[in-house]
1. Excluding residues on the same chain fewer than 8 positions from Lys300, give the lysines whose Cα lies under 27 Å from its Cα.
2. Which lysines does Lys455 reach when only Cα atoms under 23 Å apart count, and residues fewer than 8 places away in its own chain are ignored?
3. Which lysines have a Cα lying under 18 Å from the Cα of Lys399, excluding residues fewer than 8 positions away in the same chain?
4. Using a simple charge model, +1 on the beta-carbon of Lys and Arg, -1 on the beta-carbon of Asp and Glu, nothing else, what dipole does the range 444-579 show about its Cα centre, in debye to the nearest 20?
5. With every atom except the alpha carbons ignored, what do you get for Rg and Dmax of the range 444-579, in angstroms?
6. With Rg and Dmax of the Cα atoms in Å as the read-out, I listed (i) 47.6, 164; (ii) 28.0, 91; (iii) 24.7, 81; which label goes with the value calculated from this structure?
7. About the Cα centre of the chain, how large is the charge dipole given +1 on each Lys and Arg Cβ and -1 on each Asp and Glu Cβ? Please answer in debye to the nearest 20.
8. Percent relative contact order of the chain, based on C-alpha pairs within less than 8 angstrom and at least six residues apart?
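Only the coordinates and a few stated rules stand behind these numbers; no lab work does. Bear in mind that the values here come from a model prediction, so they are computed numbers and not experimental data. Counting neighbours? That spans all protein chains shown, and the Cβs are built from the backbone with ideal geometry, glycine included.
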Amino acid sequence: MFIYKYRNNLKLFCLWGTICLLANVVFTSVSAYDGDQSFWVGWTQQLMDHGFGGFQGNYPPLYVFWLWVVAQVHSLFGLVAGKTFFLKFICLWPVFFSHLFFVDWICRVTEKFNYPEWKQHLLLAFVALNPALLINGPIWGQVDLLPVLLAVLAIYCISRPRYIFLASMFYVLALLAKFQMIAFLPIFGGLFIRHWRTSWKGLPLAIAGAAVVLLPFAIGGNLVPLLTRAYVQTTSQYPYATMNAANLWVLLVGNAAPDSVPILGMSADGIGALLKPIILGKILFVIVSVLVLVKSILCKNVRTAFALCAINGLAFFVLLPGMHERYLLYAVPMALCWLVWDMRRGGIPCLLITFVATMNVELVNPFRGASAWTIVSMTGCATLVASLFVVAFPKTANKLFKQLKTVYIPAWVPYALLAAILLIEGCSLAYRIRPVVVPEGDDIVLLTNLKWLKKEQSYKTPNVNLSIDNHELTVGNRRYRFGIGSHAPSNLVFELPQNADSLYVGVGIDGECYEFGSAKFFINVDGKLVWQSGLMTGPAGAEFAKISVQNASQVELATDPNGPNNCDHTDWLNGYIKLR
């Protein structure tokens with residue numbers, strides 16, 4: 001869609017499209033925001049167990065379709081939904097393709113303007129590696145780029161007579177993916193009014209698109225409850241002036257302050273009754289939206305339309321109460337479009353909006369995770385090698401660049417490459433994290449079925465088949481159906497059967513403490529140390545032991561925090577006794 005007849009910059013898209021998809025896939029390994037991942041886990045499990053009719057989440061319906069696909073994949077591989085890298089990875093597939101399509105589309109637009117090649121590279125680099133888009137999507141684990149991309153297409157289509165019949169459908173789908181897309185209603189509504197002679201022709205397609213999205217929930221008898229949770233109840237779910245959003249209300253009342261408290265410490269009587277974030281914020285936003293609406297009705301070009309979208313998206317975040325740190329992200333793609341259409345006036349606003357959006361998310365979910373070390377290290381090494389090659393062998397480098405320019409690469413290559421990466425990596429992850437079970441048979445006795453002689457530990461009590469925080473046992477992104485969740489230091493002693501032959505058990509730091517936990521594991525048989533691990537950490541995964549317990553009466557499982565014991569959640573995995 002929106003394909004120009006000639007694509008002289010096809011290699012440009014292949015270059016930055018490939019860089020974009022690699023950045024998205026690689027940065028997904030950085031630690032996600034734990035709270036939001038809990039929602040994906042619960043909603044995926046609901047869809048696995050009860051389908052669309054039993055979905056109880058407060059998320060708009062369009063993305064729930066993809067969560068249903070995620071649920072089917074988990075069912076196919078026999079996985080239990082959990083806060084694993086696999087779940088984050090597969091939940092983000094729509095974001096990967098959305099970002100790649102956005103780069104492709106911007107590349108086509110820059111060709112239309114005949115920008116010099118260096119300027120096209122600069123623009124596409126800023127779109128493909130935009131820090132706000134990367135930190136919100138693959139790093140945080142959110143899918144906000146999908147609805148805002150639909151809103152971008154809606155604004156573009158309603159400004160182009162050739163595509164105006166698609167505009168209403170795109171905007172309705174954007175609202176069905178994220179209610180916050182209402183921030184762009186004044187612009188879309190103004191352009192709809194301006195082009196009223198033709199814009200109405202897109203309404204049947206919009207109705208059809210909405211019907212397709214809502215039909216499964218209607219069939220399941222869950223349509224009205226879903227829409228109520230997603231579009232009515234969420235508006236009052238967080239009655240705060242701001243929820244970690246660095247906007248006007250942080251300056252006037254502070255972060256996480258009630259939205260009913262008057263600003264600047266004023267009394268609630270008199271004019272102070274009106275100067276509350278919940279009232280004043282809405283008044284200010286309505287004023288800006290009315291001005292934007294009027295300007296949109298008079299708007300004569302798509303450049304101004306995207307500028308108005310960026311401004312209203314910024315006002316949505318800065319002025320309204322109850323904003324979250326991520327909600328400025330919706331203005332970023334609009335600002336990028338403004339930049340492409342009007343580099344002279346859109347450059348500084350786009351840079352500032354990107355900076356503020358990035359810092360808002362970074363303050364709440366900083367760039368962290370053991371995998372980040374690998375990413376940064378590899379990037380630094382690759383940059384050094386490439387730079388040395390260019391300086392040491394300039395003629396060879398020039399010849400190589402010239403040869404690359406002569407190679408024909410079809411436009412579908414980045415999409416095919418992304419699809420291949422996702423399918424291969426997705427299947428590999430699903431295979432590697434499939435639940436690990438113990439053998440079955442009359443000669444197999446689970447460790448947890450033995451008589452406990454002692455259970456001591458520094459924090460809480462040992463959990464059977466659950467982690468210390470009551471989650472499924474997970475080590476190295478793999479699930480274990482059986483085992484013991486404990487906390488170092490700990491000492492667990494079991495009475496052995498008289499005909500016991502061998503003990504099989506795995507050890508590791510539970511995924512709850514992937515980054516911070518560390519401990520050593522010890523196994524004593526009749527008081528004698530027979531096995532010990534090295535220092536185990538979350539990234540190290542699991543380690544397994546096979547111990548002879550013939551003619552022994554008891555086995556002791558012990559852990560040592562090896563220093564501070566903060567978050568040392570130690571798991572004994574799939575322990576069982578093989579009988580003679």
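1. Lys5, Lys112, Lys119, Lys201
2. Lys520, Lys528, Lys546, Lys578
3. Within the straight-line cut-off, Lys399 pairs with Lys11.
4. On the way: 11 positive and 14 negative charges, 69 e Å.
Using Cβ point charges on Lys, Arg, Asp and Glu, the range 444-579 gives about 340 debye.
5. 13.5, 41
6. (ii)
7. Values: 42 positive and 30 negative charges, 593 e Å.
The dipole of the chain has a size of about 2840 debye.
8. On the way: 1047 pairs, mean separation 75.2, N = 580.
After rounding, I find 13 percent.
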